[in-house]
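Working notes for the structure below.
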Number of protein chains: 2
Amino acid sequence: MRVNREQALHFVKPHLNTERFEHTIRVTDTAIQLTERFGGDVEQAELAGILHDYAKYRDREEMRRWILQDHRLPKDLLSHHHGLWHGPVGAVMLEFEYGLEDREVSQAIACHTTGKKNMSHLDKIIFLADYIEPGRTFPGVEEVRKTAESDLNKACLAAASNTITFLMNKHQPVYPDTFHAYNNLQNIILNS
Amino acid sequence: MRVNREQALHFVKPHLNTERFEHTIRVTDTAIQLTERFGGDVEQAELAGILHDYAKYRDREEMRRWILQDHRLPKDLLSHHHGLWHGPVGAVMLEFEYGLEDREVSQAIACHTTGKKNMSHLDKIIFLADYIEPGRTFPGVEEVRKTAESDLNKACLAAASNTITFLMNKHQPVYPDTFHAYNNLQNIILNS
């Protein structure tokens, strides 16, 4: 499918508030920049960026039903914070509601919040773009942006580490995929 | 089995150097104190304390063969630091070499380094005793000792958190059971 930026933006806009729509544009532009820097398909990065938060404001009970009923969605999401649901649920919804057929784009949307083990190049681009887009002010984000100038894996690792540390400092559980992302990226870097 | 402290100490002593034998005594005494504080079977705590590091200095290749050949031992140990092997391998070796039949003691020995999801009361006692025994000087250990005066779960959580933070700061992978221990204890505390 050929990306039509305007059509895709027009599709997601009614589902987002102004602030989130502006975040979406910044993630998309960051994903394109990262793809130009580290390689990959710019059109896939653009489409994944535009669509990544599609389900962000969907009704929580509707998302719960998707998780319960779609066999592809991991049930353990239900015992973790609902803020993690919109990625995986959005990826499935987009197949139905947008006609998204690109499995790589779908997968990158699914794991954009948590990361996971064995992320694809596109998964990493979207995970990182969502973390470092210019509107983000997380503690430590500036260091991740600096790392993202030269090393995609190290920047994703730093983002996953910061997320784990942030949640641990807040005495919150951490979704296991984020731990798996940390371990996997750490091993890739240690063995490179 | 009735614990005979002297017999058990006599059994492990040839397998440990002086420093590690002294650590073993301190872990045992700490485990007994924690059991007196939080409840549980003092004899089980004593036996688990005495035996917990039994395999600490076993040959690495011998431990690797045990992991490969005993169906109860998780194979993913082999892709993690060998410093994590002596707990689970020791638990299995002790069944053969010491005649250890107490499954609860065996399990506490198996997970004493990493922790795990759904630790038993005895698992927590040994995991914590190994972390806070008076010879330990980990960063943050004093705070864990303080917490261990009143709350077993919170103290174990703090130990798991410190271990994760320590490894992340050293850019090392973290064995998944330690993450699972963190999440599980965090949820127990948040829901209590």
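The values are calculated or read from the model by the stated rules, or taken from the named source; none is laboratory data. The model shown is predicted, which means the values in this text are computed figures rather than measured ones. Here Cβ is always computed from backbone atoms with ideal geometry, including for glycine, and neighbour counts include all displayed protein chains. Heavy atoms of the whole protein, side chains included, go into the accessibility calculation; ligands, DNA and RNA do not. Shrake-Rupley method; radii C 1.70, N 1.55, O 1.52, S 1.80 Å.
So the values come out like this:
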{"quantity": "Cβ-Cβ under 6 Å pairs, at least 6 apart or on other chains, the stretch A:65-93 side farther than 22 Å from A:V105 by Cα, far side loosely packed, with under 12 Cβ neighbours inside 10 Å and among the aliphatic types (A, V, I, L, M)", "calculated": "none"}
{"quantity": "Residue count for the stretch B:160-179, restricted to those that are touching a residue at least 12 places away in the same chain (Cβ under 8 Å), assigned to a loop (DSSP other than H, G, I, E, B) and either more than 8 Å from chain A (Cβ to nearest Cβ) or farther than 22 Å from A:I189 by Cβ (or both)", "calculated": "1"}
{"quantity": "B:R60 vs. criteria touching a helix residue (DSSP H, G or I) at 6+ places or on another chain (Cβ under 7 Å) and more than 15 Å from B:Q107 (Cα to Cα)", "calculated": "yes"}
{"quantity": "Candidate set: the stretch B:138-148, residues that are on the phi < 0 side of the Ramachandran plot and at pLDDT below 95; chosen: the one surrounded by the fewest Cβ atoms within 10 Å (Cβ to Cβ)", "calculated": "B:P139"}
{"quantity": "All positions within the stretch A:111-129 that are open to solvent by less than 20 Å² (accessible area, probe 1.4 Å) and either out of contact with any Asp or Glu (no Cβ under 9 Å at 6 or more places or on another chain) or at pLDDT below 95 (or both)", "calculated": "A:M119, A:I125, A:I126, A:F127, A:L128"}
{"quantity": "Top-ranked residue of the stretch B:149-179 - restricted to ones that are in contact with a Pro (Cβ under 9 Å, 6 or more places away or on another chain) and crowded, with 22+ Cβ neighbours inside 10 Å, ranked as farthest from A:A158 (Cα to Cα)", "calculated": "B:D177"}
{"quantity": "Unique match (being of a type in the set (G, A, S) and farther than 18 Å from A:Y131 by Cα) among A:S192, A:S161", "calculated": "A:S192"}
{"quantity": "Failed condition for A:D29, given (1) farther than 13 Å from A:D130 by Cα; (2) away from every other protein chain (no Cβ under 14 Å); (3) acidic (D, E)", "calculated": "(1)"}
{"quantity": "Test: residue in the stretch A:126-141 that is within 14 Å of another protein chain (Cβ to nearest Cβ) and either not in a loop (DSSP other than H, G, I, E, B) or not acidic (D, E) (or both)", "calculated": "yes"}
{"quantity": "Filter result (closer than 24 Å to A:G99 by Cβ, open to solvent by 50 Å² or more (accessible area, probe 1.4 Å) and not in a helix (DSSP H, G or I)) within the stretch A:2-45", "calculated": "A:R2, A:N4, A:G40, A:D41"}
{"quantity": "Whichever residue in the stretch A:180-192 is surrounded by 18 or more Cβ atoms within 10 Å (Cβ to Cβ) and out of contact with any Lys or Arg (no Cβ under 9 Å at 6 or more places or on another chain) and, among such residues, is farthest from the other protein chains (Cβ to nearest Cβ)", "calculated": "A:Y182"}
{"quantity": "Exclusive hit being within 14 Å of chain B (Cβ to nearest Cβ), among the hydrophobic types (A, V, I, L, M, F, W, C) and in contact with a helix residue (DSSP H, G or I) (Cβ under 9 Å, 6 or more places away or on another chain), set A:L84, A:L152, A:L100", "calculated": "A:L84"}
{"quantity": "Selection count, the stretch B:133-148, where residues are touching a residue at least 60 places away in the same chain (Cβ under 8 Å) and either farther than 18 Å from B:D29 by Cα or not small (G, A, S) (or both)", "calculated": "2"}
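Residue-wise test of (1) among the hydroxyl-bearing types (S, T, Y); (2) over 17 Å from A:Y54 (Cα atoms); (3) more than 14 Å from the chain's Cα centre (by Cα).
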site: A:Y98; (1), (2), (3): yes, no, yes
site: A:Q107; (1), (2), (3): no, no, no
site: A:A110; (1), (2), (3): no, no, no
site: A:F127; (1), (2), (3): no, no, no
site: A:T137; (1), (2), (3): yes, yes, yes
site: A:G140; (1), (2), (3): no, yes, yes
site: A:E143; (1), (2), (3): no, yes, yes
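Yes/no matrix, rows are residues, columns are (1) basic (K, R); (2) under 24 Å from A:G39 (Cα atoms):
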residue: A:K117; (1), (2): yes, yes
residue: A:I125; (1), (2): no, yes
residue: A:A129; (1), (2): no, yes
residue: A:F138; (1), (2): no, no
residue: A:E149; (1), (2): no, yes
residue: A:C156; (1), (2): no, yes
residue: A:N169; (1), (2): no, no
